Amino acid sequence: MAAWKDNIRRVVPYVPGEQPKEPDIIKLNTNENPYGPTPRIKGISDDPDMLRLYPDPSISLLVDELARYHGVDSSQIFVGVGSDDVLAMSFMTFFNSDKPILFPDVTYSFYDVWADLFRIPYERPLLDDSFRLVKEDYYKDNGGIVFPNPNAPTGIYEPIETIEDIVKNNQDSIVIIDEAYIDFGGESALPLINKYDNLVIVRTFSKSRSMAGLRIGYAISNPELIKALNDVKYSYNSYTMNRPSIIMGAESVKDEEYFRNTINMVIKTREEFVEAVGALGFSCLPSATNFVFAKHEFIPAKDIFLAAKEAKIYVRYFDSPRINNYLRISIGTDEEMTTFVNFLKEFVSSYNKDSLN
Ligand SMILES: *Cc1c(COP(=O)(O)O)cnc(C)c1O
């Protein structure tokens, strides 16, 4: 066997949700926002210079807009190509110790992939039986901490006091809070960056700003940690973000009204959906996100997942311990959710009949 075979960096990759090519499907499997981005972005990519010229490597238009929006200095914002890029950069930059980093057993399934890719040791404290974080599990020697709040795929939000306790008890390591869904409910840990120098907040435009296709994510922290992130970025690829994304991202941040309205629409639909499927025997974990994590009282999640797919409705199913009887259902438009509820009504009642036969 050729020696180079031993020298390849081999990893087991992250498996994203399906992006089916068929038309006329209802897509509730990757937490996209059904409403689309602010109408203010229209026409931006028509300018030929938009694609002809290199983008600004410092992404300052968007950085400045985000700094204004959050009331921080521009030196406290790092922008990347989706929060996956920001998180990968953060793992590379901040988790550089021989001690294990800590993240929950049930969480965003990219964390262990990056840890493996960058050869970072890790431990995964168990969430409790209600999928709640046990903060004391994070009060031990570690090489860093990362988790989403609200968590994915459970949708559960942990109170800000829990987050502060974890940050406070870990001042010798960096704590990254992945706030991909924070706009749909819950209080952000952002103000804590003024109190603790070991905290990094990560956000994305993919969910609440309905721009998953543009790939924009960012980190907010103190200038020292943001500089460390930028130093790694400039050592790797300096023109990360394309010009249309920079300008469209800034337009989205300016349109607060559209942003708030569409978020409120998603939240309203979520609450109605939870109630409607409750009547069909589903229980949903309390969600502070644009998805719900639901299980049925007797029908296996996998059966529902496969039947829904057959009916061209895509939801997410994870064949992993502890969560393999749940479905993660992204909140679409009212019309899409009604179609799905009607499908479930039909499916549950025929399932009842089948099991009686
Ligand atoms: C969706 C998601 C991300 C990644 O979002 P990007 O599209 O890469 O910005 C990161 N973390 C969590 C928990 C997510 O659900």
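The values are calculated or read from the model by the stated rules, or taken from the named source; none is laboratory data. It should be emphasised that the depicted structure is a prediction, and the values quoted were computed from it without experimental measurement. Positions of Cβ are generated from backbone atoms using ideal geometry, with glycine treated the same way; all protein chains shown enter the neighbour counts. Side chains are part of the model used for accessible areas, which takes the heavy atoms of the whole protein and leaves out ligands, DNA and RNA. Shrake-Rupley method; radii C 1.70, N 1.55, O 1.52, S 1.80 Å.
Points to keep in mind about this one:
- Cβ charges +1 (Lys, Arg) and -1 (Asp, Glu), total dipole of the range 250-346, debye: 420 debye
- Cβ charges +1 (Lys, Arg) and -1 (Asp, Glu), total dipole of the range 46-170, debye: 280 debye
- Computed accessible area, Phe110, all protein chains, 1.4 angstrom probe, square angstrom: 40 Å²
- Here Tyr108 sits with roughly 50 square angstrom of accessible surface, probe radius 1.4 Å.
- The modelled label-to-label distance for the pair Glu256/Ala311, using points 7 Å beyond Cα in the direction of Cβ, is 4.2 nm.
- Per residue, the range 5-92 exposes 56 Å² of accessible surface when a 1.4 Å probe is rolled over the protein heavy atoms with every protein chain present.
- Cα gyration tensor category, rounded, prolate or oblate, for the range 4-72 with a/c compared to 1.5: oblate
- Excluding ligands, DNA and RNA, the accessible surface per residue across the range 208-357 is 46 Å² with a 1.4 Å probe.
- Annotation: average projected area of the range 185-232 is 4.1 square nanometres, based on the convex hull of Cα atoms across all directions.
- Linear extension gain, Arg322 paired with Arg132, 0.36 nm per residue minus alpha-carbon span: 67.1 nm
- FRET efficiency for the pair Asn194 and Glu275, taken as 1/(1 + (r/R0)^6) with r the Cβ-Cβ distance and R0 = 30 Å, rounds to 0.15.
- Area of Ser210 that stays accessible when all protein chains are in place (1.4 Å probe, Å², to 10): 20 Å²
- Positive-end extreme of charge dipole, the chain - chosen from Ala250, Pro125, Gly80 (charges on Cβ): Gly80
- Distant alpha-carbon pairs in the chain (separation over 27 angstrom), percent: 50 percent
- GNM remark for the chain: springs join alpha carbons under 10 Å apart, and the peak mean-square fluctuation among Ser206, Ser90, Ser75 falls on Ser75.
- Sparse-neighbourhood loop sites, trypsin sites (Lys or Arg not before Pro) in the range 277-352 - DSSP loop, at most 13 other Cβ within 10 angstrom: Arg322
- Across the accessible surface of the range 126-171, with the other protein chains kept in place and a 1.4 Å probe, carbon and sulfur atoms take up 44 percent.
- Of all DSSP-defined beta bridges confined to the chain, some 55% are antiparallel rather than parallel.
- Taking label positions 7 Å along the Cα-Cβ direction at both Asp231 and Ser74, the computed distance is 2.2 nm, reported to one decimal.
- Largest accessible area first, the residues Leu190, Leu66 order themselves as Leu190, Leu66 under a 1.4 Å probe with ligands, DNA and RNA left out.
- Over all other residues within a Cβ to Cβ distance under 14 Å of Asn198, the charged ones net out to -3, with Lys and Arg as +1 and Asp and Glu as -1.
- Cα lying deepest toward the dipole's positive end in the chain, options Tyr69, Cys284, Met92, charges on Cβ: Met92
- Potential lengthening between Asn352 and Lys302 on full extension [0.36 nm per residue; Cα-Cα distance subtracted]: 16.4 nm
- By definition, a body whose alpha carbon gyration tensor gives a ≥ b ≥ c is rounded when a/c is under 1.5, and the range 75-177 falls into this rounded group.
- Stokes-Einstein diffusion for the range 108-150, with the hydrodynamic radius set to the Kirkwood value over Cα pairs and evaluated at 10 °C in a medium of 1.306 mPa s, equals 136 µm²/s.
- Global form of the range 41-108, assessed from the alpha-carbon gyration tensor, a/c cut-off 1.5: prolate
- Computed log10 I(q)/I(0) for the range 162-261 at 0.10, 0.13, 0.20, 0.25 Å⁻¹: -0.33, -0.55, -1.13, -1.33, from the Debye equation with unit scatterers placed on every C-alpha and solvent omitted.
- Rg(Cα) / (2.2 N^0.38 Å) computed for the range 126-219, rounded to two decimals: 1.08
- Highest-fluctuation residue, Ala308, Ala288, Ala279 considered, GNM on the chain with Cα pairs under 10 Å: Ala279
- From the alpha carbon centroid of the range 1-66 to that of the range 165-180 is 27 Å.
- Applying a threshold of 28 Å to the alpha-carbon distances of Lys140/Lys207; Lys27/Lys345; Lys254/Lys295; Lys99/Lys295; Lys195/Lys268 flags Lys140/Lys207; Lys254/Lys295; Lys99/Lys295; Lys195/Lys268 as lying beyond it.
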